[in-house]
Amino acid sequence: MYETRQDPPMCSNNNCSFKLLGILDVQNTPCARESILYGALGAVVASMGHFLFTSRIRRSCDVGIGGFIVVTLGCWFHCRYNYAKMKIQERIALKGMKNKVLYESTHLDPERKKASSDGDSS
């Protein structure tokens, strides 16, 4: 009478995904996993350190949450900046390789022009 609906498995063909708060796909988003892990470690270190110095539990939890936010955002922005810089360098290199293949052995080849101008000056 009552049918139970089963959700499809999240892992199929070694393509497991983990969504944090239902919005951030940690596996497929660059830098997300490392940022979350470093943030968790930063939270533990900050809260334990604060607790060892002050012995105030509630304030140590607040410091831990603040440490998580600061470390996660710091790692996220640092990693995303380096990722964007790497993508720009990759795009420039691919464009250069494409131009090299396109202009090789033609009259527009910059190396050919350079070689012919060096031969004329000697």
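The values are calculated or read from the model by the stated rules, or taken from the named source; none is laboratory data. Everything numeric here is computed off the predicted structure, so don't read it as measured data. Neighbour counts are summed over all protein chains in view; Cβ atoms, including those assigned to glycine, are modelled from backbone coordinates with ideal geometry. Only protein heavy atoms, including side chains, enter the accessible area calculation; ligands, DNA and RNA are left aside. Shrake-Rupley method; radii C 1.70, N 1.55, O 1.52, S 1.80 Å.
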With a 1.4 Å probe and every protein chain kept in, tell me what percent of the accessible surface of the range 33-104 is carbon plus sulfur. 70
What residue among Gly96, Trp76, Leu37 has its Cα farthest toward the positive end of the dipole of the range 33-104, where the charges are +1 on Lys, Arg and -1 on Asp, Glu, each on the Cβ? Gly96
Cβ crowding within 10 Å averaged over residues, with 35-45, 101-111 ranked highest first: 35-45, 101-111
